[in-house]
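The values are calculated or read from the model by the stated rules, or taken from the named source; none is laboratory data. Here the structure is a predicted model, which means the values were calculated and not measured. Glycine gets a Cβ as well: all are built from the backbone with ideal geometry, and neighbour counts include every protein chain shown.
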Amino acid sequence: MFKKFSPSSDVSGQTSLKSSVQRSIRSGILSQWKVDPETFEQIWPKKESLTLVKCREHISVYTLHGEPLFFQHFDGPFYPTLRLLHKYPFVLPKVGVDRGAIRFLLAGAHMMCPGMTSKGGYLPPADAALPAGTPVAIQAEGKEHAVGIGLTKLGTEEMKKVNKGVGVETVTYIGDDFWALKTL
Amino acid sequence: MADTEPTSSAQIQPVEVLYCGVCTFPVEYCEFGSHLTKCKEWLHETHPDLYEKYYSEEALHAKLGTLSLEAQEKLEKDTAKKEAKAEAKAEAAQKKKMASQITIKRIERNKRKFVTAVHGLEAFDVDLKKTAKFFAQKFATGASVTKNAQGLDEIVVQGDVSGDIVEMIEDGAGPLKGIPSDNVVEVEEKKKKGGGD
């Protein structure tokens with residue numbers, strides 16, 4: 001989504017949000033992410049007001065004091081930015097890819113099932129299976145921090161069964177244009 | 001979601017992540033970046049203990065364990081190639097930067113009235129909007145960022161301030177820091193007869 005992104009041509013406008021909209025965003029995130037309100041208070045204090053940065057292809061980035069916090073595609077789920085995810089790694093469920101896949105991931109490729117079902121990869125066990133269309137943090141084998149954020153295209157159980165093709169669609173990754181952008 | 005720790009009512013402090021000063025990646029991902037040698041140097045200087053952790057013999061061996069030798073070799077080769085490429089690119093960019101010119105144009109608007117257009121600042125990583133504001137404040141006139149006929153951004157300042165701008169660039173005032181003053185050209189443009197505004 002963010003492989004190519006330049007603020008000068010892709011941002012169409014910035015507006016500060018109505019407090020009612022902010023309230024719905026806050027409750028939306030609290031229900032979608034695995035984060036409790038107290039911790040979230042640190043990320044986004046109640047008093048602070050978010051700015052909505054509208055970008056091409058219906059991407060909305062929400063910033064606090066110019067720093068992107070999370071983003072959204074259409075009315076889809078909220079994704080944290082990678083830097084935020086690094087600080088609070090528990091907000092999203094995790095999947096892992098093996099070492100061989102890191103290189104491709106850092107070039108913006110989607111994550112294929114075999115990379116996650118192999119020995120170095122990680123998929124949640126059957127009792128914590130994720131359905132398709134869940135935002136996930138993509139961890140890498142032998143690494144501590146997440147390397148990217150993705151959206152599951154198949155359920156995790158399905159991935160294990162099919163073991164072929166795209167399993168997780170990469171949304172943003174370390175080193176893409178959105179990563180390079182520290183402030184908006 | 002079973003693998004994440006149970007959330008308590010207390011605030012969970014953010015994890016501090018060390019980002020590489022060279023490639024901005026978290027340090028453990030430097031090996032996949034395009035400046036590995038430089039990253040290594042940087043880490044060695046600033047965080048020697050972490051350097052040990054990531055680039056010591058043992059760490060390298062541990063990595064090898066998970067990947068076949070051939071694949072590892074290929075990876076290394078790729079990294080070296082990428083590095084060379086990135087270096088060449090950076091060099092070319094630097095060269096281009098040195099060659100690019102800043103044009104300060106004095107445009108006659110209405111006989112004794114002038115505007116000054118500054119063009120080419122963006123090549124030196126100058127924030128045009130901020131600079132325009134800076135000019136407006138310094139000269140107490142209007143200054144704006146506009147697109148010129150070629151569709152490129154330039155700063156237009158009201159009044160004839162070309163001489164002052166040249167001086168400011170030489171002094172490196174405000175946002176104009178680090179611009180080589182050799183690249184500045186002054187030109188004058190006279191309005192053709194019959195122009196309306």
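Assorted remarks:
- Criterion applied to A:Ser19, A:Ser6, A:Ser12, A:Ser31 was being more than 12 Å from chain B (Cβ to nearest Cβ), in contact with a Cys (Cβ under 8 Å, 6 or more places away or on another chain) and among the hydroxyl-bearing types (Ser, Thr, Tyr), and the one residue passing it is A:Ser12.
- Take the conditions (1) within 24 Å of A:Ser9 (Cα to Cα); (2) touching a helix residue (DSSP H, G or I) at 6+ places or on another chain (Cβ under 9 Å); (3) not in a strand (DSSP E or B); B:Val145 misses just one of them, which is (3).
- Selection count where residues are part of a strand (DSSP E or B) and more than 23 Å from B:Glu31 (Cβ to Cβ), scope the range A:150-170: 5
- Flag if A:Pro45 is within 14 Å of chain B (Cβ to nearest Cβ), loosely packed, with under 12 Cβ neighbours inside 10 Å and not β-branched (Val, Ile, Thr): yes
The rows are residues; the columns are (1) of a type in the set (A, V, I, L, M, F, W, C); (2) touching a Pro at 6+ places or on another chain (Cβ under 6 Å); (3) at positive phi.
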{"residue": "A:Pro125", "(1), (2), (3)": "no, no, no"}
{"residue": "A:Ala129", "(1), (2), (3)": "yes, no, no"}
{"residue": "A:Ala132", "(1), (2), (3)": "yes, no, no"}
{"residue": "A:Pro135", "(1), (2), (3)": "no, yes, no"}
{"residue": "A:Ala140", "(1), (2), (3)": "yes, no, no"}
{"residue": "A:Ile149", "(1), (2), (3)": "yes, no, no"}
{"residue": "A:Lys153", "(1), (2), (3)": "no, no, no"}
{"residue": "A:Lys164", "(1), (2), (3)": "no, no, no"}
{"residue": "A:Thr172", "(1), (2), (3)": "no, no, no"}
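- Test: residue in the range B:100-118 that is over 19 Å from B:Val157 (Cβ atoms) and either in contact (Cβ under 8 Å) with a residue 40 or more places away in the chain or surrounded by 13 or more Cβ atoms within 10 Å (Cβ to Cβ) (or both): yes
- Only strands (runs of 3 or more DSSP E) whose full extent lies in the range A:1-118 are considered here, and the ones with at least 3 residues that are more than 19 Å from A:Ala180 (Cβ to Cβ) and of a type outside the set (Lys, Arg) are A:11-16, A:94-97.
- Qualifying residue in the range A:21-33 (condition: within 18 Å of A:Glu169 (Cβ to Cβ) and surrounded by fewer than 15 Cβ atoms within 10 Å (Cβ to Cβ)): no
Yes/no matrix, rows are residues, columns are (1) in contact with a Leu (Cβ under 7 Å, 6 or more places away or on another chain); (2) at pLDDT 70 or above; (3) away from chain A (no Cβ under 12 Å); (4) surrounded by 15 or more Cβ atoms within 10 Å (Cβ to Cβ):
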position: B:Ala2; (1), (2), (3), (4): no, no, no, no
position: B:Val15; (1), (2), (3), (4): no, yes, no, no
position: B:Glu41; (1), (2), (3), (4): no, yes, yes, no
position: B:His44; (1), (2), (3), (4): no, yes, yes, no
position: B:Glu58; (1), (2), (3), (4): no, no, yes, no
position: B:Leu64; (1), (2), (3), (4): no, no, no, no
position: B:Lys97; (1), (2), (3), (4): no, yes, yes, no
